[in-house]
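Student: Quick one: the structure is below, and I'll ask about it shortly.
The values are calculated or read from the model by the stated rules, or taken from the named source; none is laboratory data. The shown structure was predicted, so the numbers you read here are calculated from the model rather than taken from an experiment. As a convention, Cβ positions derive from the backbone with ideal geometry for all residues, glycine included, and neighbour counts pool all protein chains shown. Remember, those area values only see protein heavy atoms, side chains included, never the ligands or the DNA or RNA. Shrake-Rupley method; radii C 1.70, N 1.55, O 1.52, S 1.80 Å.
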Amino acid sequence: MPALLELEGVVAGYGKVEVLHGLDLSVPAGTIVALLGPNGVGKTTALRTIAGTLECRQGTIRFDGRRIDGRPPHQIAAGGLVLIPEGRGIFPNLDVGENLRVNANAGPDRSRRPARLEWVMEHFPRLAERLDQRAGSLSGGEQQMLALSRAFLAEPRLLLVDEISMGLAPLVVEQLFADIVLLKSRGVSILLVEQYMTFALEVADICAVMGHGRIEFVGEPDELRHSSVLSRAYLGH
């Protein structure tokens, strides 16, 4: 499968602290890639650098064959690469309907806006029941459903998802991962940073394990389940 996203030798960090030390990563079109690893190895930094909210100091980032490193975040998003950041990606002081309309208007083809909104209402009925409710008063799971819906309405080709399960009950997480697979069926490729290993391995086509700012393993979920990579990455042995 051709690569939709390619990182080669990417270096990034905060101030004088370098977090990514020559990161190489690829997301083939039409796949879910799970980016795994313990806290502090650079997973969120990688997503922020791809999305343009953090400077790429060295290396190249290509999206659909075109370099995007150095471009401002709004241009990257307009090109079809959308980030759902850690801690929800919503406007908490707007109601649910306003949150959805903002992103529906941001899509590249406004003629498809009614159909996109109709699809969201059909597949996320809990949101349809809460259109007039302030987004910040939703449950954590409902806020993440809203974040996924908003991202879909922006018509992404690639969705970057950072820790969608954080602080949520297992049953809620299971539903959110089902929603992620549903978005994939709608043609969205996904790069998923996730600590909830069980669900991540179930939905991913490819797993990439990070350690200290570099990729240490790339393979299919079954390969990872039967290797010692995870125990080394998370437990140090």
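Student: Only Cα pairs under 8 Å and at least 6 apart count here; give the relative contact order of the chain as a rounded whole percent. Don't skip to the end; give the middle numbers.
Tutor: On the way: 463 pairs, mean separation 63.9, N = 237.
Relative contact order, the chain: 27 percent.
Student: Heavy atoms only, probe 1.4 angstrom, no DNA, RNA or ligands counted: give me Met145, Met121, Met166 ranked by accessible area, highest first. Show your work: numbers first, answer last.
Tutor: Numbers: Met145 10, Met121 50, Met166 85 Å².
Largest accessible area first, the list is Met166, Met121, Met145.
Student: Now for a different question. What Kirkwood hydrodynamic radius do you get for the chain when you take the inverse of the mean 1/r over all pairs of distinct Cα atoms, in Å? Don't skip to the answer; put the middle values down first.
Tutor: Details: mean 1/r = 0.0552 Å⁻¹.
With all distinct Cα pairs of the chain included, I get 18.1 Å.
Student: Related question: Can you compute the charge dipole magnitude of the chain about its Cα centre, using +1 on each Lys and Arg Cβ and -1 on each Asp and Glu Cβ, nothing else charged? Give it in debye, rounded to the nearest 20.
Tutor: Values: 24 positive and 28 negative charges, 131 e Å.
My answer is approximately 620 debye.
Student: Additional query: Computing the accessible area with a 1.4 Å probe over protein heavy atoms, can you report the carbon and sulfur percentage for region 2-136?
Tutor: Values: 3190 of 6660 Å².
Carbon and sulfur atoms account for 48 percent of the accessible area of region 2-136.
Student: Would you work out if region 163-220 is rounded, prolate or oblate? Take a ≥ b ≥ c from the square roots of the eigenvalues of the alpha-carbon gyration tensor; rounded if a/c is under 1.5, else prolate when a/b is larger than b/c, oblate otherwise.
Tutor: Values: a/c = 2.22, a/b = 1.33, b/c = 1.68.
Judged from the Cα gyration tensor, region 163-220 comes out oblate (a/c at least 1.5, b/c at or above a/b).
Student: As a test of reading the structure, rank Tyr14, Tyr196 by solvent-accessible area (1.4 Å probe, protein chains only), most first. Kindly include the intermediate steps, with their values, before the conclusion.
Tutor: Working: Tyr14 90, Tyr196 65 Å².
Putting Tyr14, Tyr196 in descending order of accessible area: Tyr14, Tyr196.
Student: Further question on the same structure: Taking a 1.4 Å probe, which of His74, His123 shows the most accessible area, and what order do the others take after it? Don't skip to the answer; put the middle values down first.
Tutor: Details: His74 130, His123 70 Å².
If we order His74, His123 from most to least accessible, we get His74, His123.
Student: Continuing with this model, one more query. Excluding Gln195 itself, calculate the net charge of residues whose Cβ lies under 11 Å from the Cβ of Gln195, where each Lys or Arg counts +1 and each Asp or Glu counts -1. Please list the in-between numbers first.
Tutor: Details: positive: Lys43; negative: Glu86, Asp162, Glu163, Glu194.
So the surrounding residues net to -3.
Student: Only helical DSSP H runs with n ≥ 4 go in: add -39500 (n - 2.57) per run for the chain, normalise by residue count and round the 222 nm mean residue ellipticity to 500 deg cm²/dmol.
Tutor: Values: 10 runs with 90 residues, N = 237.
Roughly -10500 deg cm²/dmol at 222 nm, from the helical runs in the chain.
Student: Follow-up question, since we're still on this one. Let me know the shape class of region 49-88, please: from the alpha-carbon gyration tensor, a ≥ b ≥ c as square roots of the eigenvalues, rounded when a/c is under 1.5, otherwise prolate if a/b is greater than b/c, or oblate. The partial results should precede the final answer.
Tutor: Details: a/c = 2.03, a/b = 1.33, b/c = 1.52.
Here region 49-88 falls in the oblate category.
Student: Still on this structure, please answer the following. Just name one of Val173, Met197, Ser185: the one whose Cα is farthest towards the positive end of the charge dipole of region 104-237 (beta-carbon charges, Lys/Arg +1, Asp/Glu -1).
Tutor: Final value for the positive-end residue is Ser185.
Student: Quote the Stokes-Einstein diffusion coefficient, in whole µm² s⁻¹, for region 119-237, based on the Kirkwood radius over alpha carbon pairs, a temperature of 4 °C and a viscosity of 1.567 mPa s. Walk me through the numbers on the way to the answer.
Tutor: Working: Rh = 15.7 Å.
After rounding, the answer is 83 µm²/s.
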